[in-house]
Amino acid sequence: MSSAPTTPPAPRRARPRRLGTGDRIFLTVIIGIPLAALLFFVWLPALASLGLSFTTWDGIDLADIHWIGLDNYKEIFTNYPPFWPAVRHNVIWLLFTALLPTPFGIFLAYQLDRKIRFTRIYQTAIFLPMVLSLAVVGFIWEIIYNPDTGLLNGLLGAAGSSHHIDWLGNPDLNLWAVLVASSWRHTGYIMILYLAGLKGFDPALKEAAALDGANGRQTFLRVVFPALKPVNVIILVITVMESLRSFDVVYVLGGGVGSKPGMELLSLLITDNIIGESSHIGYGSALAVVLLVVSLAAIGTFLVQNFRKEDQ
Amino acid sequence: MTQQSRNPLAARDPGRRRVVGGLFGLGAAALAAPVLTACGGGAGADPKTVTFGSNGGDATPKKAYASVTGAFAKDSGLTVKTNTVDHDTFQKSITSYLQGTPDDVFTWFAGYRMQYFAKKKLCSPLDDVWDKIGVDFSDATKQLSRGEDGKYYFVPLYNYPWAVFYRKSLFKERGYQVPQKWSEFIALTKRMKKDGLSPIASGYGGGDSWSILGAFDYVNLRTNGYDFHMSLMRGKVSWTDKRALATLDHWRELAPYYQQGAAGRSWQDAAQSLLDKKSGMAVIGLFLGQQITDEKIRADIDFFPFPEIDAAHGQGAVEAPTDGFMLSRRPKNEAGAKKFLEFLGGAHTEELYMGVDPSNLAVNDKASTGSYNALQKKSADLIASAKQISQFADRDSDPGFISTVVLPGLTEWLSHPDDGSGTLKKIESQRSRFFTA
């Protein structure tokens, strides 16, 4: 996915009529190499996963790959206890992120864009978690959530006692605890994106709205928000992608062992089955294909709808 | 692409080409890299160097291994290049590590886990090494070092027992008696709870969920005996067997006396609560000793064998995992590596290691036990008197089955220990995926 943007600039630069043989070879090479890399590192593995998802394989000897058709999928859908919880958690994750930290990030960006005092300090503070890798975010929140010595239980005056809250151990609670940790970082991300959008916003539109007598809320909902449509699209796509691929925070807060009760996610189930001493590459690949299909469906529907509206 | 940049770029055309040419070279190199490494090997082997992949990432084992490799270097004139990786990461990446370009000698575990890689031909047989070191090891240890084909694949270094640990002074203060029978054990936990203690120190949060398996293994061994336990571990018996259910029923009697909030705590924090006398007992391995920083407390720690549940099985089975070394499938310096393994199997090496890390026991019969502390001596006696020695669940069974099916199932059950048969049914439904035979 990330290597895709490397290809398009080249053809745009080309002026076909003036090209000599040397230029043509040159162009072939500079398009060909990234294209080959894209095929080799992105599409080949993706297709290989799809193929492997119909087999069983322990990942060691190529001769041990056995074709078993749809058995992996049948097993996953009917007889894999953590699968449906993982799907449910992925959906919760998506809804939660889309409904809380994302609008909150937009709200913060909108507030900080008005020239309030110390705005730079606020911006830095909110954006700071974004500088950290998600794994580090996990370590930080691990300290906050610790049942015996953690900050949260300490504030509640319950650290070390018998009535402390077991944030990460309780299967009914740990998903939400992890979601808070992930939102802490996501909010800053959305804020900075939206802030960038707001900086490019034509102030004349706002003035016009003010002249028409619109209040702050109306200005935002009727003028600013619709006008920032390109940014909104990016934010939505990012939110969906981040939610579906969420992995690192959960992995770290779960202790780096893959799925734990209450915290199952599709991405974790994939690594559970593929990484480790006895790997089930076929089974893991089938799970990966499920995640791929879900992601493509989510992103695809959204993009198609958006472009269709654009065309009209 | 901004407008400013366009003209200067056009003017310095060759410059741009050189840059792109460089990128092209990089791209080609990146594409070629995996191909090159795939057929690599051979070149660069240094007959004076042995590479050693170690999972001893923690401070104590790291120091202990350093003293061992240092002594070997002095002894043989060969250099040992140690590549240390954190314990959990090492285990998780072992399969790809062994298929890539592994170090000549690497740390691993005895039993089923070693046999798995032997069967997959990811390691080399060591019969010629055992011809030299074999006399120093007991039959039980030899058994643990052999693959299913009867060849040796493993050189053991140490083992350590699991038991129920406690502080002597606490038991004395409160007048607690060491329990031998299950009913006495449960009565003791009840009394401890009444006294305001956490009866069983417990921390299976985060990555430490493996720590509950010690209790599971013991309850199963005591309820159903060694043979059933091994059949269950190797996937030969159904997990919905009523004997397995009996195990969970016994375990459920103990569950309410586990330390509160265990699912969110690390084993180290749990061990600390035992050392601080906030918890009464802990079902744990001798490695608990690594948590002790005050030598006075070390003298106050004691343990008793896991209590008897069924008189037919008694307390004969002891859980004592063995750690050691293996040889990768195509070592770059085979002669040197075998020399190193021979050295590692020697009594002197074990003494060196145990001198730095006193929370393990030497398995070489000739190794001197003179420097053992009281806890080590007692542990050695416990293992020596064992009728059967089990490893640890994830070493006696398919580790994937244990980590992705059994552990999540049992940890979930332990937090609400009511529906035992439902948990077992979930585990059973996955069994065939891991054990095809």
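Observations
- If you go through the stretch A:108-139 and keep only what is surrounded by 17 or more Cβ atoms within 10 Å (Cβ to Cβ) and β-branched (Val, Ile, Thr), you end up with A:Ile126, A:Val137.
- Residues that are of a type in the set (Val, Ile, Thr) and modelled with pLDDT of 95 or more, drawn from the stretch B:130-154: none
- Residues of the stretch B:412-428 that turn out to be modelled with pLDDT under 90 and either touching a Ser or Thr at 6+ places or on another chain (Cβ under 8 Å) or at the interface with chain A (Cβ under 8 Å from one of its Cβ atoms) (or both), as a count: 2
- Enumeration of residues in the stretch B:401-431 that are open to solvent by less than 10 Å² (accessible area, probe 1.4 Å) and within 20 Å of A:Asn72 (Cα to Cα): B:Phe401, B:Ile402, B:Val406, B:Ile427, B:Gln430
- Figure legend. Inter-residue proximity from the stretch A:168-183: first residues more than 20 Å from A:Leu99 (Cβ to Cβ), second residues among the acidic types (Asp, Glu), beta-carbon distance below 7 Å, spacing 6+ or different chains. Indicated pairs: A:Pro171/B:Glu412.
- The residues on offer are B:Lys181, B:Lys172, B:Lys193, and the sole one that is within 14 Å of chain A (Cβ to nearest Cβ) and among the basic types (Lys, Arg) is B:Lys193.
- Residue list for the stretch A:51-71, filter: touching a helix residue (DSSP H, G or I) at 6+ places or on another chain (Cβ under 6 Å) and over 17 Å from A:Gly276 (Cβ atoms): A:Ser53, A:Thr55
- Test: residue in the stretch A:219-226 that is more than 14 Å from chain B (Cβ to nearest Cβ) and within 16 Å of the chain's Cα centre (by Cα): no
- Within the stretch A:105-131, the set of residues being charged (D, E, K, R) and either in contact with a Cys (Cβ under 9 Å, 6 or more places away or on another chain) or part of a helix (DSSP H, G or I) (or both) comprises A:Asp113, A:Arg120.
- For the stretch B:378-411, filtering for residues that are small (Gly, Ala, Ser) and at the interface with chain A (Cβ under 9 Å from one of its Cβ atoms) leaves 3.
- Residue count for the stretch A:247-256 under the criterion of being surrounded by fewer than 23 Cβ atoms within 10 Å (Cβ to Cβ) and at the interface with another protein chain (Cβ under 8 Å from one of its Cβ atoms): the result is 2.
- Taking the criterion of being among the basic types (Lys, Arg) and either under 21 Å from B:Thr322 (Cβ atoms) or outside any strand (DSSP E or B) (or both), the residues of the stretch B:62-87 that qualify are B:Lys62, B:Lys63, B:Lys74.
- Residue in the stretch B:328-346 that is more than 28 Å from B:Asp46 (Cβ to Cβ), among the hydroxyl-bearing types (Ser, Thr, Tyr) and open to solvent by less than 20 Å² (accessible area, probe 1.4 Å) present: no
- Meeting the requirement of 3 or more residues that are more than 30 Å from B:Pro125 (Cβ to Cβ) and either touching a residue at least 40 places away in the same chain (Cβ under 8 Å) or within 14 Å of chain A (Cβ to nearest Cβ) (or both), the strands (runs of 3 or more DSSP E) wholly within the stretch B:254-353 are B:279-285, B:301-304.
- Residue pairs whose Cβ atoms lie under 7 Å apart, sitting 6 or more positions apart in sequence or on different chains, and linking a residue in the stretch B:390-417 that is on the phi < 0 side of the Ramachandran plot and without any contact (Cβ under 8 Å) to a residue 40 or more places away in the chain to a partner that is basic (Lys, Arg) and assigned to a helix (DSSP H, G or I), are B:Gly409/B:Lys426.
Conditions (1) open to solvent by 40 Å² or more (accessible area, probe 1.4 Å); (2) under 25 Å from A:Met130 (Cβ atoms); (3) more than 14 Å from every other protein chain (Cβ to nearest Cβ), marked per residue:
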{"residue": "A:Gly216", "(1), (2), (3)": "yes, no, yes"}
{"residue": "A:Lys229", "(1), (2), (3)": "yes, yes, yes"}
{"residue": "A:Gly262", "(1), (2), (3)": "no, no, no"}
{"residue": "A:Ile274", "(1), (2), (3)": "yes, no, no"}
{"residue": "A:Ser279", "(1), (2), (3)": "no, no, no"}
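- Summed over the stretch B:249-287, residues that are under 20 Å from the mean Cα position of the chain (by Cα), farther than 13 Å from B:Phe303 by Cα and open to solvent by less than 10 Å² (accessible area, probe 1.4 Å) total 3.
- Count of the stretch B:179-218 residues which are over 28 Å from the mean Cα position of the chain (by Cα) and open to solvent by 20 Å² or more (accessible area, probe 1.4 Å): 10
- Residues satisfying the stated conditions in the stretch B:65-102, i.e. within 14 Å of chain A (Cβ to nearest Cβ) and basic (Lys, Arg): B:Lys92
- Matching residues, the stretch B:88-105, being open to solvent by 20 Å² or more (accessible area, probe 1.4 Å), among the hydroxyl-bearing types (Ser, Thr, Tyr) and either in contact with a His (Cβ under 6 Å, 6 or more places away or on another chain) or not in a loop (DSSP other than H, G, I, E, B) (or both): B:Thr89, B:Ser96, B:Tyr97
- Among the helices (runs of 4 or more DSSP H) confined to the stretch A:242-312, the ones with at least 3 residues that are over 26 Å from B:Lys120 (Cβ atoms) and touching a residue at least 40 places away in the same chain (Cβ under 8 Å) are located at A:248-253, A:281-311.
- Of the residues in the stretch B:103-110, none is within 13 Å of chain A (Cβ to nearest Cβ), among the aliphatic types (A, V, I, L, M) and closer than 30 Å to B:Arg234 by Cα.
- Test: residue in the stretch B:75-85 that is under 25 Å from B:Gly346 (Cα atoms), open to solvent by 70 Å² or more (accessible area, probe 1.4 Å) and polar (S, T, N, Q): yes
- Residue match in the stretch B:112-119 (condition: among the basic types (Lys, Arg) and under 17 Å from the mean Cα position of the chain (by Cα)): yes
The values are calculated or read from the model by the stated rules, or taken from the named source; none is laboratory data. Only a predicted model underlies this, so the values are computations on that prediction, with no experimental measurement involved. Note that we place each Cβ from the backbone using ideal geometry, even for glycine, and neighbour counts take in every protein chain shown. Heavy atoms of the whole protein, side chains included, go into the accessibility calculation; ligands, DNA and RNA do not. Shrake-Rupley method; radii C 1.70, N 1.55, O 1.52, S 1.80 Å.
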